[in-house]
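Nothing in this text is a laboratory measurement; each read-out follows from the coordinates by a stated rule. The structure displayed is predicted, hence computed values, not measured ones. FYI the Cβ positions are ideal-geometry reconstructions off the backbone, even for glycines, and counts take in every protein chain you see.
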Amino acid sequence: MKLSVPGRATGIAAISIAALLTTSAIADAAPARVAAAPDIPVANVKAHLTQLQSIATANGGNRAHGRAGYKASLDYVKARLDAAGFTTAIQQFTSSGRVGYNLIADWPGGDANQVVMAGSHLDSVSSGAGINDNGSGSAAVLEAALTVSRTQYRPTKHLRFAWWGAEELGMVGSRYYVNSLSTANRARISGYLNFDMIGSPNPGYFVYDDNPAIEKTFKDYFTGIGVPTEIETEGDGRSDHAPFKSAGVPVGGLFTGASNSKTAAQAAKWGGTAGTAFDRCYHSSCDTTSNINDTALNRNSDALAYAVWELSE
Ligand code: TRP
Ligand code: ZN
């Protein structure tokens with residue numbers, strides 16, 4: 001609806017608008033913070049994981065590149081975003097002789113010359129359902145996007161969310177996307193935030209140390225909730241932020257650990273089991289909905305939203 005310009009209003013309407021303006025002028029004297037990041041309902045994130053598990057179960061137990069479970073995962077995420085008012089696009093590519101897909105969702109509005117992106121790989125390995133790797137990141141990015149819609153967030157910058165295909169074949173989808181961008185459109189991306197494995201059952205709290213401003217934003221969130229973090233070092237560059245970083249885009253992200261073992265010092269600060277992998281079901285058939293630590297999933301989903309809101313306002 002197009003609102004009438006206050007100065008053109010007449011009579012009684014003009015008086016009530018003037019009263020409203022006075023009230024809002026007082027309210028605006030409050031601190032300049034524009035929009036506080038919302039709490040992401042972890043129950044909603046888990047509901048997406050249940051859907052991804054059902055999709056895997058109905059399609060031979062996986063959601064891998066080139067398999068029916070991948071396309072069904074993409075269709076699920078796309079339908080939710082379309083219903084929420086996103087502009088979605090499927091980008092198709094071929095890898096190892098099979099068709100793969102990226103899903104890109106733009107939230108209408110914001111400065112097209114300052115794009116904040118958040119993304120995750122949606123494919124699993126063929127040996128399992130891939131619920132921590134990487135249903136967790138995919139579900140959290142989806143729920144953050146749906147929260148943008150629910151709250152009708154109107155940031156200064158433009159928001160774009162992405163779900164990558166064929167990460168498990170060597171970051172194929174994300175590299176394809178980055179290579180498909182014109183130099184000008186690549187330069188418009190002010191930051192790419194990556195979420196790959198954020199609900200590991202024996203979790204660590206790892207923050208990528210690529211771009212200092214993005215890293216600080218995540219660390220600020222965790223400091224605020226009193227959770228210590230460490231720099232992510234388990235195979236640095238082994239996820240979809242790597243092609244963005246190579247192209248000069250500022251990147252960051254979160255990770256709760258894969259096959260590395262949690263040390264005694266890490267167990268002392270985070271709890272969990274020392275001498276056991278962060279995710280002992282990494283790339284195996286037990287990466288199901290049972291392979292998720294709800295506290296880690298909740299904290300990382302909220303940290304994701306905090307960064308998206310903070311970096312885009
Ligand atoms: N991307 C890897 C996978 O999907 C997992 C992984 C290993 C990872 N090291 C990482 C993800 C560091 C993010 C950051 O199999
Ligand atoms: Zn993986």
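Compared with the dominant Cα axis of the chain, that is its longest principal axis, helix 212-224 is turned about 90°. Beta bridges assigned by DSSP with both partners in the chain are antiparallel in approximately 45 percent of cases. Fully extending the segment from residue 98 to residue 43, taken as 0.36 nm per residue of separation minus the present Cα-Cα distance, adds 16.4 nm. For segment 132-242, the gyration tensor built on C-alpha atoms gives a rounded shape. Its axis ratio a/c (a ≥ b ≥ c) stays under 1.5.
Under 15 Å of direct C-alpha separation, and excluding same-chain neighbours fewer than eight residues apart, residue 78 reaches these aspartates and glutamates: 106, 123, 143. With contacts taken as Cα pairs under 8 Å and at least 6 residues apart, segment 100-209 reaches a relative contact order of 44 percent.
Run the numbers on segment 158-313 and let me know its relative contact order in percent, using alpha-carbon pairs under 8 Å that are six or more apart.
Working: 240 pairs, mean separation 48.0, N = 156.
Once divided by the residue count of segment 158-313, the mean separation gives 31 percent.
Go ahead and estimate [θ] at 222 nm for the chain from helices alone: -39,500 (n - 2.57) per DSSP H run with n ≥ 4, summed, over the residue count, rounded to 500. Taking each H run of at least 4 residues, the total per residue is -12000 deg cm²/dmol. Where a ≥ b ≥ c are the square roots of the eigenvalues of the C-alpha gyration tensor, would you call segment 214-294 rounded, which needs a/c under 1.5, or, failing that, prolate if a/b is larger than b/c, or oblate? Oblate, since a/c reaches 1.5 and b/c is not below a/b.
Let me make sure I get this right: for segment 36-121, a, b and c are the square roots of the gyration tensor eigenvalues over alpha carbons, sorted descending. Under 1.5 in a/c it's rounded, otherwise prolate if a/b > b/c, else oblate. Which is it?
oblate
Each label point was placed 7 Å from the Cα along the Cα-to-Cβ direction; for residue 263 and residue 234 their separation is 1.5 nm. Placing unit charges on the Cβ atoms only, positive for Lys and Arg and negative for Asp and Glu, gives segment 122-280 a dipole magnitude near 560 debye about its Cα centre.
In terms of Cα atoms, the Rg and Dmax of segment 84-142 work out to 13.9, 42 Å. For the chain, the longest principal axis of the C-alpha atoms and the axis of helix 137-150 are separated by about 10°. Helix 68-83 axis versus longest C-alpha principal axis of the chain: approximately 10°, rounded to the nearest ten. Out of every Cα pair in the chain, what percent are spaced more than 28 Å from each other? That tail contains 39 percent of the Cα-Cα pairs. Please compute the net charge surrounding residue 256, taking Lys and Arg as +1 and Asp and Glu as -1 over other residues with Cβ under 15 Å from its Cβ. With Lys, Arg at +1 and Asp, Glu at -1, the neighbours total -4.
Contact order for the chain, expressed relative to its length and based on alpha carbon pairs under 8 Å spaced 6+ residues apart, stands at 21 percent.
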